[in-house]
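Chemist: Here's a structure for you.
The values are calculated or read from the model by the stated rules, or taken from the named source; none is laboratory data. Quick caveat, the model's predicted, so the values are computed rather than measured. Because the Cβ atoms are built from the backbone with ideal geometry, glycine has one as well, and the counts that use them run over all protein chains shown.
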Amino acid sequence: MRLAELCETSTSYIGEIEIAKKFPSVEMIEKIALALGIRPFRLFQDEADFAPADDIEKKRALVERIQKSVEEIIMGK
């Protein structure tokens, strides 16, 4: 409920985002990240992404996944 308040939206909309029924706009992603005190790209990471990425290939794969997510957001997929 607090996240919805901070993002100036309904709790049902936040719930739909959580269960992947809806995908937020870029503006809403920014509001959610701001409310959580994180940078927006962190919303697209899974637990494996938080492990140390000593290997350059892991870093490249992460960058590619983030770029793909951003492209999907921009293209409205």
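Chemist: So, in the range 4-30, of the ones that are assigned to a loop (DSSP other than H, G, I, E, B), over 14 Å from the mean Cα position of the chain (by Cα) and loosely packed, with under 12 Cβ neighbours inside 10 Å, which residue ends up modelled with the lowest pLDDT?
Modeler: 21
Chemist: While we're on this one: When you scan the range 37-54, do you find a residue that is under 18 Å from residue 1 (Cα atoms) and at pLDDT 90 or above, even just one?
Modeler: Residues of the range 37-54 that are under 18 Å from residue 1 (Cα atoms), as a first pass: 37.
With the extra rule that they be at pLDDT 90 or above, the set shrinks to 37.
Yes, the range 37-54 contains at least one residue that is under 18 Å from residue 1 (Cα atoms) and at pLDDT 90 or above.
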